[in-house]
1. Scanning for something closer than 19 Å to residue 457 by Cβ, among the hydrophobic types (A, V, I, L, M, F, W, C) and part of a loop (DSSP other than H, G, I, E, B), does region 378-397 turn up at least one residue?
2. Of the residues that sit in region 34-74 and are assigned to a helix (DSSP H, G or I) and of a type in the set (Val, Ile, Thr), which one is surrounded by the most Cβ atoms within 10 Å (Cβ to Cβ)?
3. Residue 235 versus (1) free of Cβ contacts under 8 Å to residues at least 12 places away in the same chain; (2) open to solvent by 70 Å² or more (accessible area, probe 1.4 Å); (3) assigned to a helix (DSSP H, G or I): which is the lone unmet condition?
4. Evaluate the following for residue 14: is it open to solvent by less than 30 Å² (accessible area, probe 1.4 Å) and outside any loop (DSSP other than H, G, I, E, B)?
5. Quick check on region 205-225. Is at least one of its residues open to solvent by less than 90 Å² (accessible area, probe 1.4 Å), in contact with a Phe, Trp or Tyr (Cβ under 6 Å, 6 or more places away or on another chain), at pLDDT 90 or above and part of a helix (DSSP H, G or I)?
6. Look through 391, 443 and report the one residue that is farther than 23 Å from residue 39 by Cβ, under 31 Å from the mean Cα position of the chain (by Cα) and hydroxyl-bearing (Ser, Thr, Tyr).
7. Any idea which of (1) within 24 Å of residue 301 (Cβ to Cβ); (2) part of a loop (DSSP other than H, G, I, E, B); (3) open to solvent by 10 Å² or more (accessible area, probe 1.4 Å); (4) not aliphatic (A, V, I, L, M) is the one residue 101 doesn't satisfy?
8. Can you tell which of 327, 293, 316, 300 is in contact with a Lys or Arg (Cβ under 9 Å, 6 or more places away or on another chain) and of a type in the set (Ser, Thr, Tyr)?
Amino acid sequence: MTFEKIIAYVGHTFMLLLIFFSVYFYQERMLHTDNAYGVLTLINTENFIIPHYRYPLVLTQFLPLLAIKFGASLKTVIIAYSANFYLLYYVCFLAAMYAYKNIKVSLIIVFTLLVTTSEIFFLQTEVAHGLVFSSLFYAWLNYTTTALSNFKKYVHHLMGIFIFLIAVLFHPLSALFTVFVIVWNVIEKRNWSDVKSMVFLVLAFLVLFIKAKLTPVGSYEESFYQSKDLLLSALLNLNESYVFKFFILRLQGLYLLPTIMLLITLGWYSFKKQWLKLFFLFLISVGYVVLASVMFKGDSEIMMERVFLCYGAIVSIGFANVLFDVSLIYQQKKAHLFLTILTAGCLVAGIVKILEASVKYNYRLSLVKQQAEAAQMQEGSKFYVLNKDVSYPFAMWANACEQLLYSAIHHPKKVKTVYIFNNETDAQKTLNDINPNMFLMVSFYLTLNHNQLNAKYFTLAPDTYKYLKLN
């Protein structure tokens, strides 16, 4: 069996494992913070949710909307939503392997999804979606079209434009990674006059420029980025950056594996005297860490992880290329066995990080369950608690969404919700201004009328909010 066939089996195994995890951990993944808010909004509207001009998100919401259309249970809808992300990634994996005959890119996709992933597995992020499609675009760039008919060439070019647009429109970081992919491909082929690559490169920068211009000042999206006035100061004081410290402190943990992969890759290029690849990969890898540390503000651990997914993707391209280069030079079975074990070992390490993070998110789910069970013991459908009652080590801003979803899954005939107020004064001020037909959702979109909730899944009695004693 050839090295490529072995790697194909390895890739399939880990992609199917990720799909299984996305189903098995569907509550841990979909019933918290951004995901819970997104799930509830999608179910209520029965329509695609497209924030910040990220139109490719329709690809990640197709299955749950289809499940709703066919009258599936809430549990099935949420499982479909959770699985949709990794099924989409698997489609890209299969397209790279079978449509573009590029097993190396299929492996890059698996690496990208695993080598810098821990908590971020439990939060859908447009960064990961875009990185996968950028990797697929790399497969498209490397596909030979000489044997194709004119019609098939036309279809091929249309597909390339389509994949490119999906990749760059998902997130600015995936657009940035697409720039890396294009330049890396030019360096690999030493085709300095490749017009096609130059056109895509210009388009990628154009998308980044337009995205920056379309981001409203003071918006939620802009809040993640450092102020333009502070960029130089952030660069000069890099050691004080929370984002930089986040990365450095995890060099012995989450980012140890990709950094070892990077060092192996640089060592191989040094051995083969491929200096341009070596310096470019080194500068881009280190440069990305510096850029991220300067551009982004500090955030929760799970949100910080999404920033460095791009670091893992950059490293994965170099490492996967080295694995296949070595397999071609050293054709012995022992060499291929070693390379297979090395590949599988890196992927297993990623799976272990996800399982370690699952303990934390299973604990979070247990806290959601405790609240839900306490509410089930009380008469009424709508409750509130105070911050001091739920001093959990997690962001709980979407608690009302989480409680509504959890109770609708496990107690569909007694659906209840629990909103968190800062203090009793805030609670009474808000509750005095709403009527019994209102549902308190999140602070930035405070109320929904009951008729705005999807009656197929959520039936809240027109009760007034009551204080829920948890202890």
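1. For region 378-397, residues closer than 19 Å to residue 457 by Cβ, among the hydrophobic types (A, V, I, L, M, F, W, C) and part of a loop (DSSP other than H, G, I, E, B): absent.
2. 39
3. Unmet for residue 235, out of (1) free of Cβ contacts under 8 Å to residues at least 12 places away in the same chain; (2) open to solvent by 70 Å² or more (accessible area, probe 1.4 Å); (3) assigned to a helix (DSSP H, G or I): (1).
4. For residue 14, the condition - open to solvent by less than 30 Å² (accessible area, probe 1.4 Å) and outside any loop (DSSP other than H, G, I, E, B) - is met.
5. Among the residues of region 205-225, not one is open to solvent by less than 90 Å² (accessible area, probe 1.4 Å), in contact with a Phe, Trp or Tyr (Cβ under 6 Å, 6 or more places away or on another chain), at pLDDT 90 or above and part of a helix (DSSP H, G or I), which makes the answer no.
6. None of the other options fit; the residue is 391.
7. (1)
8. Exactly one residue qualifies, and that residue is 293.
The values are calculated or read from the model by the stated rules, or taken from the named source; none is laboratory data. These numbers were taken from a predicted model, which means no experiment stands behind them. Here the Cβ is made from the backbone with ideal geometry for all residues, glycine too, and neighbour counts use every protein chain on show. Just the protein is used for accessible areas: all its heavy atoms, side chains included, with ligands, DNA and RNA removed. Shrake-Rupley method; radii C 1.70, N 1.55, O 1.52, S 1.80 Å.
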